[in-house]
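Below is one structure, written out as structure tokens, with a few remarks after it.
Just so you know, all these numbers are worked out from the coordinates, no wet-lab data involved. Here the structure is a predicted model, which is why all the values come from computation and not from measurement. Neighbour counts are summed over all protein chains in view; Cβ atoms, including those assigned to glycine, are modelled from backbone coordinates with ideal geometry.
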Amino acid sequence: MPIKKILRILIATVLILLVPFVAMQFTGEVSWSVLDFVAAGVLLSGTGFAYEWLASRAVTTWHKLAVGLAVGTALLLVWLNLAVGIIGAENNPANLMYLGVLAVGIIGAIFGRFEARGMVRALLATAAAHAVVAVVTLVAGFSVGSGVIQTLVLDSFFVLLWVAAGLLFRNASEPLRAE
């Protein structure tokens, strides 16, 4: 990866991390530890590097959009889980089920060789895995304290994001038609 792209990712990460750092100077509502900044820095820069690596393999704009949506959705899922938790608080062990959702996506992407057609299947399987987590959460009563409706709405939102990314990859995998 060219040094210019690496620097761009690192500078973007620092700029994003400046937001909570500056907020901490003006309010007690934002209280990040050094570990919080390190974890956020690793997540943000890791997402940037993953996007750059995957997008460099993309041929079409659809493919790049699909990569961005898939990687962004994964980042949002991890960030929410670490920050506040989707099922109850961030320390609720039921939130670990979402690691399985990400594992389905990663394993599917590897088996699909990160190619558009394989990514369609991987992301639709990821959406299905996320839906299964929502059903398990509902049936097992994990989200009773945190609000069943809120958890289901949030899970539905993520399922839609995974499906949308899969559909974008489907668009990217179709051969271009002569007009």
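If the segment from Ala128 to Ile3 were pulled out straight at 0.36 nm per residue, it would be longer than the present Cα-Cα gap by 41.2 nm.
Looking only at the stretch 34-61, which residues have a backbone nitrogen under 18 Å from a spot 7 Å from the Cα of Ile11 in the C-beta direction? Output list for this probe position: 45-46, 48-49, 52. Restricted to Cα atoms, the chain shows a radius of gyration and a Dmax of 17.9, 59 angstrom.
Once you compute Rg and the Kirkwood Rh from C-alpha atoms, what is the Rg to Rh ratio for the stretch 1-100? In the stretch 1-100, Rg relative to Rh is 1.03. Label-to-label distance for Leu43 and Phe21 is 1.8 nm, based on points extended 7 Å past Cα in the beta-carbon direction. Simple spin-label estimate for Val136 and Thr61 gives 4.0 nm between the two label positions (7 Å along the Cα-to-Cβ direction from each Cα).
Full extension of the chain between Leu167 and Ala103 gives 21.1 nm of extra length, using 0.36 nm per residue less the Cα-Cα distance. For the stretch 111-138 and the stretch 40-109, compute the distance between their C-alpha centroids and round to whole Å. A separation of 12 Å, based on Cα centres.
Computed over the stretch 51-155, the percent of Cα pairs more than 16 Å apart is 59. The loop-placed chymotrypsin sites (Phe, Trp or Tyr not before Pro) in the stretch 41-150, going by DSSP, that have at most 16 neighbouring Cβ atoms within 10 Å of their Cβ come out as Phe114. Mean projected area of the convex hull spanned by the Cα atoms of the stretch 1-46, taken over all viewing directions: 3.2 nm².
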